[in-house]
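The values are calculated or read from the model by the stated rules, or taken from the named source; none is laboratory data. No experiment lies behind these values; they were computed from the predicted model shown. Heads up, the Cβs are rebuilt from the backbone with ideal geometry, glycines too, and the neighbour counts pull from every protein chain shown. The accessibility values were calculated without ligands, DNA or RNA, using every heavy atom of the protein model including side chains. Shrake-Rupley method; radii C 1.70, N 1.55, O 1.52, S 1.80 Å.
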Amino acid sequence: MRNFPPQYNLKPEDTLYFCHIPKTAGMTFRTILEDYFQCDDICPATLTAHIADYSKTDLQRYRLFRGHLGYVNIPELLDGKALVNVTVLREPVSRVISHYEYIRRTPGDPHYEMVRNMSLEEYSLNKGAGKLGRNVQTYHVARLLQYDLSSLSRRKIVNLAKRSIDQFAFAGILERFQDSLFLLSYIFGWKPIINSRKENVAKSKKTLDQLPASTLELLQSHSWIDQELYTYAKAIFEERFNQMVQDLLDKYGTHDQQSAYAASGQKPNQGNLQQLLEKHAEQRFKANHQLLSTAVEYSFCEPLRGLGWQRRECATDDLAHRWMGPVTTATLDLPIAIPAAIPITAPPETDGSTAIAALSPTQPAAITNSQDDYLVEFQVPHTWAVAPDILESLTVQVNGHPLPLTMLHSTDVVRMYQGRVPQGWLGGDRLFTELTFQVNRTAVCKNANPLSKDTRLVGVALNYVQVFPSALESQKSLLRQLFNGQSEVTAAFVSEHLKPQERVVAPLMFKVRLSAAIDTYDTFLKSAEPIRWVILHKGIKQQIEALLWKLARQGFKPVFADDVFVVFAKNRHDLAGVSYLSPHVRHLYVGRYSVQVRSFFTSIYEERLRPLYIKYVDRQKKERKLAEFRKTKKQELPQD
C-alpha cells in the first residue's frame, strides 16, 4: 500500500483483483466488492478450476476477479491489463484454526478426507496437507509478484510478499473489519460501507485462550512468515487509516472534532466517521460526474450506492435483484439534477438515527398533484417468496419524507409501485436523492428449492427503481411494459371516442395511453363521481360481481370487447353497443352466472335436500328391517 496512491479512481481499463485468502472474511468481502461493479464486468469464475472454462480473450473483458484463485497466475493471465490488487489479512494463528475447523465440518471440501482425522497440531505441521495449514497468506500475496516460489527460501518469500503488499491498493485487517471497509471506501471514493452481511461464517469459534499453551506455541512457531507479513501490513494499515482520518477532519470535520484529534488523537466514532466519508464520497462523485440527468433509471445490475441490502443476485434471463436485509431498512442514493431555484421542504423531525437503523413509521401526508412533481417507481419481484405481512408493511421515504404509494400492478410474482414526490423534497444543493425502504421485519424467504440452505434474513426484493418528472409519465412509466397488442387496441378505441373532461375507470396501466384522469375499480365502487367510461379487465378475480352490478344499475352498456377487456360507456348514444350475447361479452356474464347458479343449487342440495334424502334413505332401511323382523317373528309363531 505504501507505493499506491492514498486515493484512486478506478478507470475503465483497470482490473480489480481480490486476492482471496481462505478464512479471512473473503466471502463477505467478495460480495461487497461486487456491489461496485456492473454484473457483466465481474468474472463468473471463482475457483481455479473454473478459469479453464474461459479463453484468455474472454477474461480480458472483465474488470473484477474474485474468489479462490490463488493457484492461478493472474498477472500472466491478464497480461497488458492494469491490475489493482486488494486483500484482507488475518491474525495467522486464528486463521489456521478457522481453516482447520472449516475443513473438518465441510464434507464437500476437497481436503475433508485428508484433514478430518488430523489433530490441530498435525494440520499446522502440514502433514499430508501441503501448505494448507500455515503461511498461506504470504504465499498468496508473494505470487502476485513472482508466481513460481519453489526456488526461494522462506526469508526471500516473506520479503517478496512485503514488496508485493506495498503495491496493493488496499490490504484490510480482519480484526478491524469495519475500519477496513471505511478505508476501502476512502481510497476508491465509494459511499461508506457499513457491513451487515455475514457470508460463510462459523456458528462458533475457538479463541486462542482456549488452546493449550503448547499448541498455541507450536502454531505460532510454524506461522512466523505469515506473522511477519501480518505485522508489516498492519502497521501500514494503521498509518493509512490515520492519514485518512486527518484528511477527512481537515476537509469536512467540525472545529470540536479537529481540536479533539489534534490534542489527544481522539478519532471520530463510527457514526461521525461515516458522515465524513459520505461528504468525501459526494465530492469524489461530483468531481467525476459533471452532468446529471433529471430522470434516473436504476437497475440492480449497476453498482450500488446504498446500505442495508443483501448480495446481488444476477439472472441471465431477467434483471438482477437484491433483497433488503438483514436489517429492516435499506437505502438507495440516486443522483438527480434538480433546478436549484426550487425551495427545499424540510423532512419530518427525526431522532438522528443512522441510515440503517429502523425508522419510526410515519403517516404519509397528502400530496397535491403538480406538473413540477416527480414520480418514483419501483418493481418488487419474487413476491411469492415473501410473507404477506412483510410485503404489506413496505413503506418508502424520500429524503426523510414519507411517500404515499400506489400499487400500479400486482400478480403472484411481481408488484409495481408508484409515488408522487413534490419537487421541493428534492431541490437545493443536494447531490443525491435518498430513497429509504422499510419493512416490519426480516425473515428467511420461501425457496422454490426445498433443499436450499439459504438462511439469510430478508425483507422484500427490488430489481428496478426510477425517478423522473411527472410530465414524462407516458414515456417513462413501468406501466408501458404491460401493454400488448390487445391493450393498445383497447386504448386506441377509448382514446378515439373520449371527450374532454370525461373520467375513465380502468387498470392503472392505461394512464400512459389515455389523456383522461384514471380512477381505480375501488374508487369507482366507493365514489359517486360521474364516470362515463369503464375498461373492465375480464381476468380480475375480486370485485367483479360488484362492478357488473353497479354497471347495470347505472345504465352502462358495452361498446367494445375483445379477449381481455370489455369497455362500458354511459350516455354515449353516438356509439354502437356490443350485444351481451356476443362471444367476448357473454363469457363475462353467462359463464360467471352459470357457475353461480350451479353453485347455488349445489349449496341448496348439500344444505337442505341431501340431509332430507339421507334421512329418507335411513328411514326406508329401518322400515325394511322392521318389516323383515315382523315377518320372521310371524313365521316363528305356532300354527293353529
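Among the residues of the range 62-74, is there at least one that is part of a helix (DSSP H, G or I), open to solvent by 20 Å² or more (accessible area, probe 1.4 Å) and not small (G, A, S)?
no
Taking into account only those residues within the range 539-558 that are free of Cβ contacts under 8 Å to residues at least 40 places away in the same chain, surrounded by 16 or more Cβ atoms within 10 Å (Cβ to Cβ) and of a type outside the set (K, R), which is farthest from T411 (Cα to Cα)?
F556
I'd like the full set of residues that are assigned to a helix (DSSP H, G or I), open to solvent by 20 Å² or more (accessible area, probe 1.4 Å) and of a type outside the set (F, W, Y), limited to the range 167-196.
From the range 167-196, those assigned to a helix (DSSP H, G or I) are 167, 174-188; that's our starting set.
If we keep only those that are open to solvent by 20 Å² or more (accessible area, probe 1.4 Å) too, we end up with 167, 174-179.
Listed by number, the residues that qualify are Q167, L174, E175, R176, Q178, D179.
Criterion first (open to solvent by 60 Å² or more (accessible area, probe 1.4 Å) and part of a loop (DSSP other than H, G, I, E, B)) does Q246 satisfy it?
no
Determine whether the range 464-471 contains at least one residue that is surrounded by fewer than 17 Cβ atoms within 10 Å (Cβ to Cβ), in a loop (DSSP other than H, G, I, E, B) and not basic (K, R).
No: zero hits.
Can you tell me which residue within the range 214-233, out of those that are modelled with pLDDT of 85 or more and among the small types (G, A, S), is surrounded by the fewest Cβ atoms within 10 Å (Cβ to Cβ)?
S221
Taking the stated definitions as given, is W425 touching a residue at least 40 places away in the same chain (Cβ under 8 Å), more than 15 Å from L479 (Cβ to Cβ), among the hydrophobic types (A, V, I, L, M, F, W, C) and surrounded by fewer than 17 Cβ atoms within 10 Å (Cβ to Cβ)?
When the stated conditions are applied, W425 does not pass them.
Just the residues that are closer than 25 Å to R586 by Cα and open to solvent by 50 Å² or more (accessible area, probe 1.4 Å), please, taken from the range 498-538.
Matches in the range 498-538: D522, L525, R532, H537.
How about the range 108-126: which of its residues are within 17 Å of S221 (Cα to Cα) and either open to solvent by 30 Å² or more (accessible area, probe 1.4 Å) or at pLDDT below 85 (or both)?
Listed by number, the residues that qualify are S119, E121, E122, Y123, S124, L125, N126.
Does I236 qualify as being assigned to a helix (DSSP H, G or I) and at pLDDT below 95? Walk me through how you get there before you give the answer.
Numbers: assigned to a helix (DSSP H, G or I): yes; at pLDDT below 95: no.
Judged against the criteria, I236 is not a match.
What pairs come up if the first residue lies in the range 398-414 and is over 25 Å from L431 (Cβ atoms), the second is open to solvent by 60 Å² or more (accessible area, probe 1.4 Å) and not acidic (D, E), and their beta carbons are under 7 Å apart, counting only those six or more places apart or on different chains?
Qualifying pairs under 7 Å: D412/W384; V413/W384.
Can you name the number of the only condition in (1) hydroxyl-bearing (S, T, Y); (2) touching a Lys or Arg at 6+ places or on another chain (Cβ under 9 Å); (3) open to solvent by 30 Å² or more (accessible area, probe 1.4 Å); (4) in a helix (DSSP H, G or I) that T28 fails?
Answer for T28: the failing condition is (3).
Given the criteria basic (K, R) and at pLDDT below 85, does R105 qualify? Write out each step before concluding.
Details: basic (K, R): yes; at pLDDT below 85: no.
Spelling it out, it is not the case that R105 is basic (K, R) and at pLDDT below 85.
Mind checking which strands (runs of 3 or more DSSP E) fall wholly inside the range 254-340 and carry at least 1 residues that are of a type in the set (K, R) and under 27 Å from A443 (Cα atoms)? Give the derivation first.
Values: elements: 296-299, 313-315, 318-323, 329-335.
The strands (runs of 3 or more DSSP E) meeting that bar are 318-323.
Quick grid of which residues meet (1) in a helix (DSSP H, G or I); (2) open to solvent by less than 30 Å² (accessible area, probe 1.4 Å); (3) touching a strand residue (DSSP E or B) at 6+ places or on another chain (Cβ under 6 Å); (4) closer than 24 Å to H289 by Cβ:
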{"site": "D389", "(1), (2), (3), (4)": "yes, no, no, no"}
{"site": "D412", "(1), (2), (3), (4)": "no, no, no, no"}
{"site": "M416", "(1), (2), (3), (4)": "no, yes, yes, no"}
{"site": "G419", "(1), (2), (3), (4)": "no, yes, yes, no"}
{"site": "T436", "(1), (2), (3), (4)": "no, yes, yes, yes"}
